[in-house]
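*Asks:* Starting off with a structure, shown below.
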Ligand code: 5GP
Ligand code: MN
């Protein structure tokens, strides 16, 4: 099985960058997901084994169902500890940018701080069209997840043998969440070779699944029922659906971070549906609507995200945002759905 992914010179550069740096920051994107946190914690575990003391920084809160990740309490949230993150970035020698392809994905403030930081930057990411000022960009959109890519990098650097159970479970978690529990983007045999290797570290993969996917509040289940029953609009002829969650719904269903996660995948279970769009009003900012898109096969929802929703992402999983009312956002979703229906894939 061919796991190595770096060119020899890339591997040598990465090794020497790590060896020569003491002050290291590992960061990931806004609204961090399993792959973002898993890759940060996985890389930090590797760096600690190299005698480093990396600081992990993310812009804001992560969902409850990821709190169980080992050492997640060491992650520093920028929205709560601005100065710590600001100082760390200003003084860093090396910054790892994981699971994002543009500094803007960090949100305005950290984006500026990252750009201003004198540190050398290394990107490890699987989103298409990277645009980040780095000394080394390990960008592989063909990877299922940043965690899969990170595993391959660590493996190539000879870091697997001493990987701890904590490191293995973090990497596994990111691979699992970015593939919907290995139900999409996951047909490459190497993925299952990697899983077989990770499992030698002795964690319970079934428990990881339950921790992530069977860890909802009763309110989230009710929200799901409500959205599917009352909110989902299905356009069979156009092979698409959308739903819109309002600020009122969010209040009524005692919404907490992560509760909307995964809802957008559900309409794809309907026969013939190849595009699902979710719209969600922000709880704090007027006229901000978060958009998630999912698609199957060669329907490129990242193109739709770019064209209609100020966003982007992967071919089958993308996101974006609209600066308007929810009503107006629904109109944009309809335009996107019609555009999708007319397009020949
Ligand atoms: P989600 O729907 O889970 O928020 O996002 C799905 C995917 O789309 C994630 O992999 C995320 O990285 C990507 N994504 C979400 N928002 C944006 C965006 O504004 N720009 C880009 N380029 N990708 C996004
Ligand atoms: Mn990812």
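*Asks:* With more than 16 Å from ligand 2 (Cβ to nearest atom) and closer than 19 Å to residue 292 by Cα as the only criterion, which of 36, 61 stands out?
*Replies:* 61
*Asks:* Sticking with this structure for a sec: Could you check how many residues of segment 45-67 are under 17 Å from the mean Cα position of the chain (by Cα) and in contact (Cβ under 8 Å) with a residue 12 or more places away in the chain?
*Replies:* Final tally of qualifying residues: 11.
*Asks:* For segment 177-198, state whether one or more residues are modelled with pLDDT under 95 and surrounded by fewer than 16 Cβ atoms within 10 Å (Cβ to Cβ).
*Replies:* yes
*Asks:* Looking at 154, 161 in this structure, which one is without any contact (Cβ under 8 Å) to a residue 40 or more places away in the chain and either away from ligand 2 (no atom under 13 Å from the Cβ) or more than 23 Å from residue 71 (Cβ to Cβ) (or both)?
*Replies:* It is 161.
Residue-wise test of (1) within 16 Å of ligand 2 (Cβ to nearest atom); (2) at pLDDT 95 or above; (3) within 29 Å of residue 67 (Cβ to Cβ); (4) surrounded by fewer than 23 Cβ atoms within 10 Å (Cβ to Cβ).
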residue: 253; (1), (2), (3), (4): no, yes, yes, yes
residue: 256; (1), (2), (3), (4): no, no, yes, yes
residue: 276; (1), (2), (3), (4): no, yes, yes, no
residue: 281; (1), (2), (3), (4): no, yes, yes, yes
residue: 287; (1), (2), (3), (4): no, yes, no, yes
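*Asks:* When you look at residue 321, is it within 14 Å of residue 184 (Cβ to Cβ), within 10 Å of ligand 1 (Cβ to nearest atom), at pLDDT 95 or above and not in a helix (DSSP H, G or I), yes or no? Before you say what the answer is, go through the steps one by one.
*Replies:* On the way: within 14 Å of residue 184 (Cβ to Cβ): no; within 10 Å of ligand 1 (Cβ to nearest atom): yes; at pLDDT 95 or above: yes; not in a helix (DSSP H, G or I): yes.
It is false that residue 321 is within 14 Å of residue 184 (Cβ to Cβ), within 10 Å of ligand 1 (Cβ to nearest atom), at pLDDT 95 or above and not in a helix (DSSP H, G or I).
*Asks:* Considering only residues that are assigned to a helix (DSSP H, G or I) and touching a strand residue (DSSP E or B) at 6+ places or on another chain (Cβ under 6 Å), look in segment 264-288 and name the one that is nearest to residue 311 (Cα to Cα). Steps first, answer last, please.
*Replies:* Taking segment 264-288 and keeping what is assigned to a helix (DSSP H, G or I), we get 264-269.
If we keep only those that are touching a strand residue (DSSP E or B) at 6+ places or on another chain (Cβ under 6 Å) as well, we get 264-265, 267-268.
Details: 264: 16, 265: 18, 267: 21, 268: 21 Å.
Filtering first and then ranking leaves 264.
*Asks:* Given the structure, is residue 336 more than 8 Å from ligand 1 (Cβ to nearest atom) and either farther than 16 Å from residue 247 by Cα or in a strand (DSSP E or B) (or both)?
*Replies:* Numbers: more than 8 Å from ligand 1 (Cβ to nearest atom): yes; either farther than 16 Å from residue 247 by Cα or in a strand (DSSP E or B) (or both): yes.
So residue 336 fits the description; yes.
*Asks:* Let me ask something additional. Between 118, 130, which is within 16 Å of ligand 1 (Cβ to nearest atom) and either surrounded by fewer than 19 Cβ atoms within 10 Å (Cβ to Cβ) or closer than 15 Å to residue 201 by Cα (or both)?
*Replies:* The conditions single out 130.
*Asks:* On to the next question. Have a look at 147, 111, 173 and point out the one that is farther than 24 Å from residue 8 by Cα, modelled with pLDDT of 95 or more and within 16 Å of ligand 2 (Cβ to nearest atom).
*Replies:* 173
*Asks:* Which residue is farthest from residue 256 (Cα to Cα), if the candidates are limited to segment 214-233 and must be free of Cβ contacts under 8 Å to residues at least 12 places away in the same chain and surrounded by 12 or more Cβ atoms within 10 Å (Cβ to Cβ)?
*Replies:* Checked segment 214-233; the qualifying residue farthest from residue 256 (Cα to Cα) is 233.
*Asks:* Just to be sure I understand the filter: pairs with C-beta atoms under 6 Å, separated by 6 or more residues or on different chains, first member in segment 172-191 and within 18 Å of residue 66 (Cβ to Cβ), second member in a helix (DSSP H, G or I) and more than 16 Å from ligand 1 (Cβ to nearest atom). Which pairs pass?
*Replies:* 172/198; 173/208
*Asks:* Next up: Under 25 Å from residue 280 (Cβ atoms) and away from ligand 2 (no atom under 16 Å from the Cβ): is that true of residue 3 in this structure?
*Replies:* Here the answer is no, as residue 3 does not meet what is asked.
*Asks:* What's the total number of residues in segment 14-58 that are more than 19 Å from residue 154 (Cα to Cα), within 13 Å of ligand 1 (Cβ to nearest atom) and out of contact with any strand residue (DSSP E or B) (no Cβ under 6 Å at 6 or more places or on another chain)?
*Replies:* So the count comes out to 4.
*Asks:* Identify the residue in segment 289-307 that is in contact with a strand residue (DSSP E or B) (Cβ under 8 Å, 6 or more places away or on another chain) and assigned to a helix (DSSP H, G or I) and, among all such residues, is surrounded by the most Cβ atoms within 10 Å (Cβ to Cβ).
*Replies:* Here the answer is 301.
*Asks:* Please go through segment 50-78 and pick out each residue that is touching a helix residue (DSSP H, G or I) at 6+ places or on another chain (Cβ under 8 Å) and part of a helix (DSSP H, G or I).
*Replies:* Scanning segment 50-78 gives 65, 66, 72, 74.
*Asks:* Additional query: State whether the residues of segment 31-44 include one that is surrounded by fewer than 21 Cβ atoms within 10 Å (Cβ to Cβ) and at pLDDT below 95.
*Replies:* Yes; the residues of segment 31-44 include at least one that is surrounded by fewer than 21 Cβ atoms within 10 Å (Cβ to Cβ) and at pLDDT below 95.
The values are calculated or read from the model by the stated rules, or taken from the named source; none is laboratory data. What you see is a predicted model, and the numbers here were worked out from it, not measured in a lab. Neighbour counts run over all protein chains shown; Cβ positions are idealised from the backbone, glycine included.
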